[in-house]
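What follows is one structure encoded as structure tokens, with my remarks underneath.
The values are calculated or read from the model by the stated rules, or taken from the named source; none is laboratory data. Quantities reported herein were computed from a predicted structural model and do not represent experimental measurements. Glycine gets a Cβ as well: all are built from the backbone with ideal geometry, and neighbour counts include every protein chain shown. The area values use the complete protein model at the heavy-atom level, side chains included, leaving out ligands, DNA and RNA. Shrake-Rupley method; radii C 1.70, N 1.55, O 1.52, S 1.80 Å.
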Amino acid sequence: MAKTSTTTQGLRAAIERSGYYPALVAEAVEAAVGGEPVRSYLVHQETTFDQNEVRRHVTVLVLTANRFIVSHTDEQAADSTSPAPYATTSTESVKLGRISSIVVSRVVANPESYTPGTLPREIVLTIGWGAVSRIDLEPAACGDPDCEADHGYTGSSTADDLSLRVSEAGDGPETVRQALAFAQALSEATADPR
């Protein structure tokens, strides 16, 4: 990463603040970004409970002039394949032209008295670029309650490559703001006719 960019430095600082294997995460993200300037970013750490274990996961989203970069890092306990705990880091670089869908779902309290600019309680950011699709099928039916004919199936296909939930209570208001800013920057970048 270019060390002269304020946004790039902010990304590195956010990775370090997360405290989640910052050297490992930063190296993976820097390798994926290469020399491109960072336009926007989001660092999101998530803790999950898996039976008797606490597992951490960090997702780093980066927007450059040409690409959307996703990095995931997970930690794993020692197991039969590794006598020591280990972490797995993956990065994916997606050309901006491949992004087909950006959905921002906002949850607001007391919608009847909502004031524009008020921070949502939580947001769910869903980004699709065609790598993963979910198909939901159900038996089709007609309007006749006595009909016993087989009407086949009906359903929908949804692009669901990445879905990220950020909440004010769990992640803090600054992370919600950062997620909204990233979503807006990504939407604007994918709408650019270049």
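Among the residues of region 32-50, which ones are open to solvent by 80 Å² or more (accessible area, probe 1.4 Å) and not aromatic (Phe, Trp, Tyr)?
Within region 32-50, the subset open to solvent by 80 Å² or more (accessible area, probe 1.4 Å) is 37, 39, 46, 49.
Matches in region 32-50: PRO37, ARG39, GLU46.
Within region 9-53, can you find the residues that are among the β-branched types (Val, Ile, Thr), more than 18 Å from ARG165 (Cβ to Cβ) and either free of Cβ contacts under 8 Å to residues at least 24 places away in the same chain or out of contact with any Pro (no Cβ under 7 Å at 6 or more places or on another chain) (or both)?
VAL25, VAL29, VAL33, VAL38
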Restricting region 161-188 to residues that are open to solvent by 30 Å² or more (accessible area, probe 1.4 Å) and small (Gly, Ala, Ser), which is farthest from GLU92 (Cα to Cα)? ALA169
Subset of region 150-176 that is over 16 Å from the mean Cα position of the chain (by Cα), modelled with pLDDT under 85 and small (Gly, Ala, Ser) - its residue that is nearest to ARG98 (Cα to Cα): SER157
Quick one: in region 94-107, which of the residues that are of a type in the set (Val, Ile, Thr) and surrounded by 14 or more Cβ atoms within 10 Å (Cβ to Cβ) is nearest to VAL60 (Cα to Cα)? VAL94
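Looking at region 134-145, is at least one residue over 24 Å from GLU30 (Cβ atoms) and at pLDDT 95 or above? Before the answer, list the steps.
Going residue by residue through region 134-145, those that are over 24 Å from GLU30 (Cβ atoms) are 134-145.
Within this subset, residues satisfying the condition of being at pLDDT 95 or above are none.
No; the residues of region 134-145 include none that is over 24 Å from GLU30 (Cβ atoms) and at pLDDT 95 or above.
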Applying the selection to region 19-31, what residues are in a helix (DSSP H, G or I) and either open to solvent by less than 30 Å² (accessible area, probe 1.4 Å) or in contact with a Phe, Trp or Tyr (Cβ under 7 Å, 6 or more places away or on another chain) (or both)? VAL25, ALA26, ALA28, VAL29
Of the residues in region 51-76, those that are over 12 Å from the mean Cα position of the chain (by Cα) and open to solvent by 40 Å² or more (accessible area, probe 1.4 Å) number 11
